[in-house]
Structures are given as C-alpha cells and as structure tokens.
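S.K.: After the structure tokens below, expect a handful of questions from me.
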Amino acid sequence: MNVLLPFSILVLLLNPVDSDRVHKIHQRILTLDTHADAPITMQKPGFDVGEAHDRKTGSQIDFPRMKAGGMDAMFFAVYMAQGPRTPEGHAGAKEKALRIFDSIHQALRRHSDLAELAVTPADAYRLEKMGKRAIFIGMENGYPVGEDLSLLKTYYDLGCRYITLSHFANNAICDSATDPDGPLHNGLSEFGRKVVAEMNRLGILIDVSHVSDKTFYDVLALSKAPVIASHSNARALCDFPRNMSDAMIRDLAAKGGVIQVNFVSDYLRKPSDAHRQALNSVRMATVGRVITPELEARLEAKTDSIKRLYAHERASVADIAAHIDHIVKLAGVDHVGIGSDFDGGGGVDGLEDVSQIENLTRELLRRGYSEKDLAKIWGGNLLRVLEQARK
C-alpha cells in the first residue's frame, strides 16, 4: 500500500537533525515567549499552575511543563475582551484586570520555588541561572486603561511591561484591525496619543498586535522607543487583517522593533471560508457585551466544536518556521521572536503545549539557523527591545 506523507514530514525525514545536539542547544539558550494566556486557565476553579496537567484538561501551560520543555520565560497576559466603551464598562474592566494581576502574583507567591516575577531582562537571565521560570506580565487590550492615563502607572507598578493597545474591536485608545463597524478614530485617538507618550515615559512596550494598519503607523511615528508585535504573523503567508504586511514588518524593524510569531493555526495558514466565518462568530460574540460566566462557557464549547470540525486544516511546526523565514528575509534575524498564544488559541500539530517547544528549535536548526540566531529568536531580540524601552 502506498502512503503519501505531508511534504513537511518528508523534508524532515530527508534532512534530520541530531536530537542530542538539538536538546543541548535548546537548553543553552534563554527561551522567552511574549504571549501566553495562562491567566485565563489559572482563574478556573481547581487549576494550579504549579502542578503538571494533561493537555486533555484544556491547559497548555504550567510551571512543570515549562521546565520540561525548556521554556525559561513567558509573558502571562492580562487579557480583556472588549466590552462597552462606557464609564461602567471601563470600571468593570479595571476591576477584572486587577483581579488577574492578583491571581498571577498569588500563584508566584505560592510557587516561589518554581517561578518568580520578572520585570527586566536581567531578571530573566538571573532566574534562568537559578533554574526558575521567569514570569513577565503583559496586558492584552488597553480596555482596562479606559480613559484614565494614571492607570498606566498602576499597571506598571504591578509588573506590566507591555500593553497590546486593542483587541478585536476599537477602544478608547485606537482602532482595531478587526472591528466589524470599521474605524472609530482613524488610527490612534487623541487619548491614544497621550497613552503612547506615557508608555514611553514609564518604559512599557507598545504592542501593535491586533491594531489597524493606520493605528500601527500612528504609533510608529509617535513612539520614541522600539515597538513590538507580541503575537502576530506575516500577511503575505496568511492574508488576514490581524497579520502584518511586508511593508509593516520592514517599517517595524527599521525603528528597531520585533514581531513575535504566534502559533494560531488560522493566522499561520489561511483557513477555508466556512472555518473563518465560524471563528469570527466566536471572536465577535463578546464585542461590546458584558462577559458573563455563562457566555464564556458557551463560547468555549463552540470553540472546541470548531476545532474538532476543522482539525484537518490545522497548521504545523513547519508553518511557524515558514513565517519566521519570511520575516528574516524581509527584516533580518534581529527582528523576529516567539509569541505562542498558548491557552488563547495557539497550538499546532507537533507543538501542542509548552512542553513541546524544543520541536520548533529542531525545525529551525534543520532549516540552517545557527545557535546564535536561535538565541536571538527565542528571547534575545525581545529582551534587547525591552531594555531599550526602559532607557
């Protein structure tokens, strides 16, 4: 019987990489992931991030699996779906964000033998040497900032070191790439311009994942510090407004920034129209609405059903590497990194959770990347930019 293997597997079989060499290199370099939605799972009753879990529980991250996979550092995201742009909506978002910050801090206090809060590049390298996981904090969606500039300092003091300015819909700061109603501010709002200046002053990285193209260029023109895309891919390989065009990638790099490739299948390879519509129906179901536990449960069940129905369209480790290759060709190896989006939709065939990240190192070595290149991609580039933002 003839069996046809996927092209990516055939290439791997024809050009293998020594597993012992892969493991040694992976262990030597500092690995950092700029976007992990572990706090979403951490808030579920009975979940303990300090204990090892099976992927069947729906979790992709915990401290033991980080150690097993050789993941040294992660940015845990304080994620907020976009709700009503009202005083009440902003107050509720702030309250929820503070609870998420507290849940991260409590977990780190409980498991101080396994992980610690990191706020500087030096912290990451120090904790790596100690054998502990370094947990940075980012905020996905500036919605909890509301229209109160002083809250940026509040979140900074709690450990926040980047803010994704928007999510799937427009907020008080800027326009999103995917708001169904189109642009509200034509890029950054007047308040958003003040947000950019204050983030620069504090040393909070400005994250342009999810923002509209006009917002991206407004930010690039205003920011005095390099800008990051904490979890974005190349539009040329997967045409979706959420991804970045070749021009945007080059322009981000020209200002010293970094684009962190994510592991979400439908941002890596274009899904069928039916698949895209199903996904968008879930993503837009929360826009402008108050998020209740019942709504969250319904959307989680619908998401699981979509994943099962379209499993045959799932991306692979080779697709992740292809986006990295594309960005390197456009902008050079100093301007690309990793932002998995684990626990928030990330995960591909061969890279299902944080314990399997060495598989990406293997694929990149197979493609000819050097250990020096990998050290930049896996963390060095992002930490360089974080240090620059602090000055």
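The values are calculated or read from the model by the stated rules, or taken from the named source; none is laboratory data. From a predicted model like this one, the values you see are computed outputs, not experimental measurements. Glycine gets a Cβ as well: all are built from the backbone with ideal geometry, and neighbour counts include every protein chain shown. Side chains included, ligands, DNA and RNA excluded: accessible areas come from the protein's heavy atoms. Shrake-Rupley method; radii C 1.70, N 1.55, O 1.52, S 1.80 Å.
S.K.: Given H placed 1.01 Å from N in the peptide plane, which residues other than close sequence neighbours of residue 336 have an amide H under 5 Å from its amide H?
M.R.: Answer set, sorted by chain and number: 259.
S.K.: Output ³J(HN,Hα) for segment 370-387: one whole-Hz value per residue in order, computed from phi by the Karplus curve 6.51 cos²θ - 1.76 cosθ + 1.60 with θ = phi - 60°, and x for Gly and Pro.
M.R.: Couplings: 8, 4, 4, 4, 5, 4, 6, 5, 7, x, x, 5, 5, 5, 4, 5, 4, 5 Hz.
S.K.: Further question: Quick one: with all protein chains in place, what share of the accessible area of the chain is carbon or sulfur, to the nearest percent (1.4 Å probe)? Spell out each step's value before the answer.
M.R.: On the way: 8620 of 16210 Å².
The value for the chain is 53 percent carbon and sulfur by accessible area.
S.K.: Using modelled amide H (1.01 Å from N, peptide plane; none on Pro or chain starts), what sits under 5 Å from the amide H of residue 171, excluding residues fewer than 5 places away?
M.R.: Residues meeting the criterion, in which the H sits 1.01 Å from N, are 176.
S.K.: Cα-based Rg of segment 120-232 per 2.2 N^0.38 Å, rounded to two decimals? Don't skip to the answer; put the middle values down first.
M.R.: Working: Rg = 14.5 Å, N = 113, 2.2 N^0.38 = 13.3 Å.
Segment 120-232 yields a ratio of 1.10.
S.K.: On to the next question. Beyond 21 Å between alpha-carbons counts as too far, so tell me which of 129/391; 129/329; 329/391; 329/372 fall in that bin.
M.R.: With Cα atoms farther than 21 Å apart: 129/391; 129/329; 329/391.
S.K.: Once the other residues with Cβ under 9 Å from the Cβ of residue 41 are scored (Lys, Arg +1; Asp, Glu -1), what is the net sum? Write out the running numbers ahead of the final one.
M.R.: Values: positive: 44; negative: 37, 62, 343.
Residues near residue 41 contribute -2 overall.
S.K.: Leaving out ligands and nucleic acids, and using a 1.4 Å probe, what accessible area per residue does the chain come to in Å²? Present the calculation step by step, with values, prior to reporting the outcome.
M.R.: Details: 16210 Å² over 391 residues.
Normalised by residue count, the accessible surface of the chain is 41 Å².
S.K.: Please check: in the Gaussian network model of the chain (C-alpha springs, under 10 Å), which one of 190, 198, 116 has the largest mean-square fluctuation.
M.R.: Maximum among the listed residues: 190.
S.K.: Determine the sum of side-chain charges near residue 230: Lys and Arg each +1, Asp and Glu each -1, restricted to other residues whose C-beta is under 11 angstrom from that of residue 230. Don't jump to the answer; show the numbers that get you there.
M.R.: Working: positive: 161; negative: 33, 140, 207, 341.
After counting each charged neighbour, the total is -3.
S.K.: Follow-up. Which cross-chain or sequence-distant (5 or more) residues have an amide H under 5 Å from the amide H of residue 33, H modelled 1.01 Å from N in plane?
M.R.: Those lying under 5 Å, H to H, from residue 33 are 73, 74, 75.
S.K.: With the radius of gyration and the Kirkwood radius both derived from the Cα set of the chain, what is their ratio Rg to Rh? All intermediate terms of the calculation are to be shown ahead of the outcome.
M.R.: Working: Rg = 19.6 Å, Rh = 20.9 Å.
Taking Rg over the Kirkwood Rh, I get 0.94.
S.K.: Given Cβ point charges of +1 (Lys, Arg) and -1 (Asp, Glu) and nothing else, what value in debye, to the nearest 20, does the dipole of the chain about its Cα centre take? Spell out each step's value before the answer.
M.R.: Numbers: 48 positive and 51 negative charges, 124 e Å.
Charge dipole of the chain: 600 debye, to the nearest 20.
S.K.: Can you tally the net charge around residue 173? Count Lys and Arg as +1, Asp and Glu as -1, for every other residue whose Cβ sits under 15 Å from the Cβ of residue 173.
M.R.: Numbers: positive: 85, 94, 193, 194, 214; negative: 140, 147, 148, 175, 179, 190, 198, 207, 218.
Net of charged neighbours comes to -4.
S.K.: Springs between alpha-carbon atoms under 10 Å, Gaussian network over the chain: tell me which of 71, 248, 130 tops the mean-square fluctuations.
M.R.: Among 71, 248, 130, the largest mean-square fluctuation in the Gaussian network model of the chain belongs to 130.
S.K.: Right, next: When the helix-only estimate is applied to the chain (DSSP H runs of n ≥ 4, each -39,500 (n - 2.57), divided by the residue count), what is the mean residue ellipticity at 222 nm, nearest 500 deg cm²/dmol?
M.R.: On the way: 17 runs with 174 residues, N = 391.
Calculated from helices alone, the mean residue ellipticity at 222 nm is -13000 deg cm²/dmol.
S.K.: If I take the Cα coordinates of segment 326-376 and project them onto the principal axes, what are the three extents in Å, biggest first?
M.R.: Answer, in whole Å and largest first: 29, 19, 16 Å.
S.K.: Also, quick follow-up: Need the list of lysines near residue 132 for cross-linking: C-alpha distance under 19 angstrom, and skip anything on the same chain fewer than eight residues off.
M.R.: 24, 67
S.K.: Mind checking which of 225, 254, 73 has the largest fluctuation in a GNM of the chain, springs on alpha carbons under 10 Å?
M.R.: Largest GNM mean-square fluctuation: 254.
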